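Here, each number is a calculation from the coordinates, and none is a lab measurement. Given the structure is predicted, the values throughout are model-derived calculations rather than measurements. Counting neighbours? That spans all protein chains shown, and the Cβs are built from the backbone with ideal geometry, glycine included.
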Amino acid sequence: MNRRPRRNRQSEVIRNMVQETSLSLNDFIFPLFIIEGQNQRIDVASMPGIARYSIDKLQDEIASCVDLGIKTFAPFPSIPEPLKDKYATESHNPDGLFPRAIREIKKNFPEVVLMTDVAMDPYSSDGHDGIVENDEIINDETLEVLGKMALTQAQAGADIIGPSDMMDGRVGHIRKVLDENGFTKVGIMAYTAKYASAFYGPFRDALDSAPKKGDKKTYQMNPANSREALIEAELDTAEGADFLMVKPALAYLDVIKMLRDSSHLPIAAYNVSGEYAMVKAAAQNGWLDAEKGMLEILLSIKRAGADVILSYFAKEFAQYLKK
Ligand code: PBG
C-alpha cells in the first residue's frame with residue numbers, strides 16, 4: 001500500500017491541520033422568542049434550553065449571548081390570540097410587540113445585528129403565511145401586508161429582513177417598499193428554499209402559530225424537489241436578495257450544496273426547531289451525546305456549503321467554545 005489515509009488521522013495535531021471545515025461564531029444567528037408581559041421567561045417544552053422572554057427579560061438573555069460573542073439574532077414574536085386577524089393587521093402596528101422589542105434591543109445593543117421575520121402566520125387568525133380566501137392562500141394581496149410589515153420592522157431598527165412566507169414576488173416587493181422609504185441599507189435574507197416540513201413543529205408550539213386549517217403545501221416547497229430550489233434562487237437573486245436561505249438544514253444538505261455551487265450570494269441554512277428537539281430528546285434519554293451531536297450537525301451544515309447558520313444551538317456552541 002502506498003496510500004494510507006490513516007496517516008493523516010494519527011494525531012490530533014495532524015487531524016486539526018488537515019481539517020477542511022471549521023465553525024466560527026461569526027457564522028451564527030441565534031433565534032429568540034418574544035412574548036408580552038413583564039419579567040417573563042417561559043420555557044418551550046419541546047425545545048429544552050430555549051425559552052420565550054418578555055421584552056425586559058430578553059435584554060438579559062441578549063446580554064449574556066453578546067458576552068459569549070454572539071452578534072446576530074433572529075427574534076420572533078408570539079402574538080396574543082385576540083390581536084390576530086385575517087389580514088395580520090397587528091404585523092404593521094408600530095407599537096406592536098415586535099417593533100417595540102426591536103427598538104428596545106437596538107437601544108441597548110446598537111452593535112447587534114437583527115434579522116427580523118416577515119410572514120403573516122404569528123399574526124394571522126388562520127395561522128397561515130398569507131391571506132386566506134375560500135381556503136386558498138392568495139398571493140398578490142398578501143404582498144401588500146408583507147411590504148407594510150417589512151417597513152414597520154425597518155422603521156423600528158431591523159438590519160436584515162427575513163421573509164419566511166414563500167409568496168411569489170415577495171423579495172422584489174419588499175425591496176421596492178424599503179427603497180421607496182429610504183431603507184436602501186436594510187438587507188434581505190430570503191427564505192429561498194423553504195420546504196413544507198414536519199420539523200417546524202416545536203416552533204409552531206413556541207409561537208402558537210400552527211395553521212388552523214390545512215397545511216402549507218401550496219406555498220412551501222415539496223421535500224421531493226431540488227431543481228425547484230434553483231428556480232427560487234434565480235428569482236430571489238433577480239428580485240434583490242442579499243442572502244439565500246435553505247430551510248430546514250439537515251434533510252436538505254444537498255440543496256445547500258446546490259445553491260452554494262450555483263450562486264455567488266452568501267448561503268444561509270436554518271437548523272430548525274425540530275432538528276434541535278430531536279438531538280435534545282435523544283440526549284435526555286441517554287441515547288446520544290448532546291454536545292458531540294450538536295457539533296457534528298453544525299459542522300455538516302457548514303461542510304455542505306452554508307456561510308451562515310441559524311440555530312437554536314448557537315448559545316450552547318458559544319459556551320462550548322468558551323470552555
Ligand atoms: C413561519 C416560520 C416558521 C419557521 C420560521 N418562520 C414555521 C412555519 O413555516 O410554519 C420555523 C422555524 C423553526 O422550526 O425553527 N413563517
Burial-style ranking of 224-231, 59-66, 128-135, 281-288, average other-beta-carbon count within 10 Å with highest first, yields 128-135, 59-66, 224-231, 281-288
Output ordering of 245-251, 205-211 (per-residue mean of other Cβ within 10 Å, highest first) is 245-251, 205-211
Site residue 321, offset 7 angstrom along Cα→Cβ, radius 17 Å on amide nitrogen, limited to segment 1-32, gives 21-31
Under 18 Å by backbone N from the virtual spin label 7 Å along Cα-to-Cβ at residue 224, the residues of segment 274-299 are none
From the cross-link list 176/247; 57/84; 148/185, the entries with a Cα-Cα span beyond 19 Å are 176/247; 57/84
Once the in-chain neighbours fewer than 8 apart are removed, the aspartates and glutamates whose Cα is under 15 Å from residue 106 read 56, 60, 61, 159
Nearest 10, in degrees from 0 to 90: the angle of helix 97-108 to the longest Cα principal axis of the chain is 60 degrees
As a percent rounded to 5, the proportion of antiparallel DSSP bridges among beta bridges in the chain is 15 percent
Filtered hits (aspartates and glutamates, Cα-Cα < 13 Å from residue 213, offset >= 8 within chain) -> 121, 126, 129, 133, 135, 136
Computed over the chain, the relative contact order (Cα-Cα under 8 Å, seq sep at least six) in percent reads 18 percent
Here, residue 134 and residue 8, labelled 7 Å along Cα→Cβ, have an inter-label distance in nm of 6.1 nm
Using alpha carbon centers only, segment 2-54 is separated from segment 227-255 by a whole-angstrom value of 22 Å
For residue 292, counting only aspartates and glutamates whose alpha-carbon sits under 20 Å away and dropping same-chain residues fewer than eight positions off, the answer is 12, 20, 27, 275, 316
If one builds a Gaussian network model of the chain from Cα atoms under 10 Å apart, the most fluctuating residue listed among 310, 295, 143 is 295
The distance between the Cα centres of segment 69-115 and segment 264-323, in whole Å, is 25 Å
Summing -39500 (n - 2.57) over every DSSP H run of at least 4 residues in the chain and dividing by its residue count gives a helix-only mean residue ellipticity at 222 nm, to the nearest 500 deg cm²/dmol, of -12000 deg cm²/dmol
Restricted to segment 1-124, the DSSP antiparallel beta bridge percent, nearest 5, is 20 percent
Measuring from the longest principal axis of the C-alpha atoms of the chain, the long axis of helix 227-238 (C-alpha) lies at a number of degrees, nearest 10, equal to 60 degrees
Measuring from the longest principal axis of the C-alpha atoms of the chain, the long axis of helix 253-262 (C-alpha) lies at a number of degrees, nearest 10, equal to 80 degrees
By the Cα gyration tensor axes a ≥ b ≥ c (a/c under 1.5 gives rounded; else a/b larger than b/c gives prolate, otherwise oblate), the shape of segment 81-180 is oblate
Taking N as the number of residues in the chain, the ratio of its alpha carbon radius of gyration to 2.2 N^0.38 Å works out to 1.00
